[in-house]
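The values are calculated or read from the model by the stated rules, or taken from the named source; none is laboratory data. Fair warning: this is a prediction, and the values are worked out from it, not measured in the lab. Glycine also receives a Cβ, built like all others from the backbone with ideal geometry; neighbour counts cover every protein chain displayed.
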Amino acid sequence: MDVDSFALETMYEENYEFAEDDVVVLINIGASITNLNAVKGGVSIFTRDFTLGSNSVTEALAANLGVPFEEAEKAKIEGMGNDEQARKAFREGLITYADPICSEIERSVDYFRSTFSVERISKVLVSGGGALIPDLIADLGRRLEIETEIINPFKKIQLDKKVLPPESAEGIGPIAAVVVGLALRKIGDK
């Protein structure tokens, strides 16, 4: 057993190169909770969880469209419309529904910066199903003024391409980040 934030830290340590003074913020946007973990030199120095996740996007979408949650979830993933262009335009508009999550992340990072007197955050790595919301990564990067990208939990982990082809690994990577971190834990880890 482990806390999501620390499982992400384990996955990060295994897959990414970092210097002792590098500060990176790991964010996991799950269905109902978002976890932040700021690590310096691979060691956690600040964590925060808040009860807002990608389900809040689905709920707002369901309320706005007047459809059941399941239908809104399908629309969030696949888009809405009769053709690919309409579905793509719909999905690109989803970022407005994610604003509460992005705003809370922004406040949390600002609080971390001021409380810990951190001058420079090297990077923000985002995982969880919420990381797949179109334009979310770009919006967070713009708001935070920090390089922001989707985490790759398989960056240095050898995968059997017959079991999990690279395109499938890329598609599930953000969702699998916590699971990979849990799988990498060893007896006696702190």
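Has the stretch 129-142 got at least one residue that is over 22 Å from residue 171 (Cβ atoms) and surrounded by fewer than 18 Cβ atoms within 10 Å (Cβ to Cβ)?
Yes: one or more hits.
The condition (being within 16 Å of residue 129 (Cα to Cα) and basic (Lys, Arg)) is satisfied by just one residue among 88, 74, 40: 74.
Condition first: buried (at least 16 other Cβ atoms within 10 Å of the Cβ), at pLDDT 90 or above and small (Gly, Ala, Ser). Can you find one or more residues in the stretch 85-106 that meet it? Within the stretch 85-106, one or more residues are buried (at least 16 other Cβ atoms within 10 Å of the Cβ), at pLDDT 90 or above and small (Gly, Ala, Ser). Residues considered: 113, 120, 143. Of these, the only one that is of a type in the set (D, E, K, R), closer than 30 Å to residue 75 by Cβ and over 15 Å from the mean Cα position of the chain (by Cα) is 143.
Could you check, for the stretch 157-177, whether at least one of its residues is of a type outside the set (Val, Ile, Thr), at positive phi and in a loop (DSSP other than H, G, I, E, B)?
So far as the stretch 157-177 goes, no, none of its residues is of a type outside the set (Val, Ile, Thr), at positive phi and in a loop (DSSP other than H, G, I, E, B).
The one condition from (1) outside the structural domain of residue 126 (by TED's automatic domain parsing); (2) touching a helix residue (DSSP H, G or I) at 6+ places or on another chain (Cβ under 6 Å); (3) part of a helix (DSSP H, G or I) that residue 11 does not meet is (1). Scan the stretch 143-190 for residues that are in contact with a helix residue (DSSP H, G or I) (Cβ under 6 Å, 6 or more places away or on another chain), more than 19 Å from residue 13 (Cβ to Cβ) and either exposed (fewer than 12 other Cβ atoms within 10 Å of the Cβ) or aliphatic (A, V, I, L, M) (or both) and the total you get is 2.
Assess whether residue 24 counts as being assigned by TED's automatic domain parsing to the domain that holds residue 123 and crowded, with 16+ Cβ neighbours inside 10 Å. Answer is yes for this residue. I'm trying to understand the selection: among the residues of the stretch 111-121, which are in a loop (DSSP other than H, G, I, E, B) and surrounded by 15 or more Cβ atoms within 10 Å (Cβ to Cβ)? Correct list: 118, 121.
Quick one: how many residues across the stretch 122-145 are in a helix (DSSP H, G or I) and in contact (Cβ under 8 Å) with a residue 12 or more places away in the chain? Qualifying residue count, the stretch 122-145: 11.
Name the single residue that is farthest from residue 21 (Cα to Cα) among those in the stretch 116-150 being β-branched (Val, Ile, Thr) and at pLDDT 95 or above. It comes out as 137. Here residue 8 does not qualify as surrounded by 21 or more Cβ atoms within 10 Å (Cβ to Cβ) and either over 18 Å from residue 186 (Cα atoms) or of a type in the set (Val, Ile, Thr) (or both). So, in the stretch 56-84, of the ones that are at pLDDT below 90 and buried (at least 17 other Cβ atoms within 10 Å of the Cβ), which residue ends up farthest from residue 137 (Cα to Cα)? The residue in question is 80.
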